[in-house]
Amino acid sequence: MPIFFLMMSLAFANEDEVRNLIEKTFTRNNTYCKIGNERIEIQVRSVNSKTEPGEKKYGEHIFYYQNEIPKILPLNRDGLANYRLFEGQSPICSKSLGFQIDKNLIAVLFLKENNPHRDTLTLQVFNNDTTTPDKVIDTEYLTEKAELFDGGFIFDSYLERTKIQMGKIKIQEIEYTYQDRDFPFWISYNKSGFSISPEKTFEEFPFKELYKDKNDFLNEIQWNEKEKKIQNNILFVAVNHKLKKECILIAGPTQKVTGSEAGWRCR
């Protein structure tokens, strides 16, 4: 009997916590996701009631409604960070991204505020059989786009950089203004975990036409097949607006450009 009363007390305490948070917060965004045979609403809520024009819809508290009963997601249960829905079209959720990872697991995607850089990816995994939240996967991957991929999903990512090189250089006696930009690479996620996709990275590379083929590109970025890593991941872009010419150089993280490098490719 004492155990029974203890469990009941904990249940009521949890209900009180949820009710108090709902009374003190406002809905910033919501989505409906199909988990198992149920349609579950997920709400991002915040103590701030107003949304400024163009403001991203972050919230400190994430709720889900199962059989119309509100509960707090494990994701950010302590309310110490700001999250928003990873909005987009997906087969699982109505207006955000959710993907089947395994026959028993579904990942609902969120973005964690990471000013002044891009937001980072966080996954709230659900058990598809029990329709209950499972583990939270909080990553440091900066991302903006994600889409369905074989056995899970795939997303773009970038290195978080604090120093940017820029200036003027000469390439084949022509003066250019240059700076380094984000080098976009793509990472897949499935039941085996995270893995860089060299194929997708090449397919989506904005200067893809400057390479003979995928192997030419992979050789330039020094793709390590054994370790699944990219060695050269800094992209320098040089522009001469008068001549309407543009050149790129892919280099290692410590390289400084001079214009005399043999690797410049121009269009």
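The numbers here are math on the coordinates, done by the rules we state, and not lab data. Everything numeric here is computed off the predicted structure, so don't read it as measured data. FYI the Cβ positions are ideal-geometry reconstructions off the backbone, even for glycines, and counts take in every protein chain you see.
Values for this structure:
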read-out	value
Within a Gaussian network of the chain (alpha carbon springs, distance under 10 Å), most fluctuating of TYR32, TYR141, TYR211	TYR211
Of every Cα-Cα pair in segment 2-157, the percent that sits beyond 24 Å	33
Restraint check, LYS24/LYS95; LYS56/LYS226; LYS95/LYS226; LYS57/LYS168; LYS112/LYS245; LYS214/LYS256, Cα-Cα greater than 32 Å	LYS56/LYS226; LYS95/LYS226; LYS57/LYS168; LYS112/LYS245
Mean Cα-pair separation over length for the chain, i.e. relative contact order, pairs under 8 Å, 6 or more apart, %	10
Neighbour-count order for HIS61, HIS241, fewest beta carbons within 10 angstrom listed first	HIS241, HIS61
Order of LEU148, LEU105, LEU97 - criterion: other Cβ atoms within 10 Å of each residue's Cβ, fewest first	LEU148, LEU105, LEU97
Sorted peptide list for 152-160, 165-173, 127-135, criterion being average Cβ within 10 angstrom, highest first	152-160, 127-135, 165-173
Choice from PRO70, PRO116, PRO184 with maximal GNM fluctuation in the chain (Cα, 10 Å cutoff)	PRO116
Distribution of pairwise C-alpha distances over segment 82-211, 10 Å bins, in %	11, 36, 30, 14, 7, 2, 0
Translational D in µm²/s for segment 150-245 (Stokes-Einstein at 10 °C, 1.306 mPa s, Kirkwood Rh from C-alpha pairs)	105
Charge dipole of the chain about the Cα centre (unit charges at C-beta), most positive-ward option of TYR65, LEU121, ALA238	ALA238
Nearest-ten-degree value, helix 2-24 long axis tilted from longest Cα axis of the chain	60
Reachable aspartates and glutamates, given that their alpha-carbon falls under 19 Å from the alpha-carbon of LYS244 and they are not under 8 places away in the same chain	GLU173, GLU175, ASP180, GLU209
Largest-first principal axis extents of the Cα set of the chain (Å)	85, 40, 31
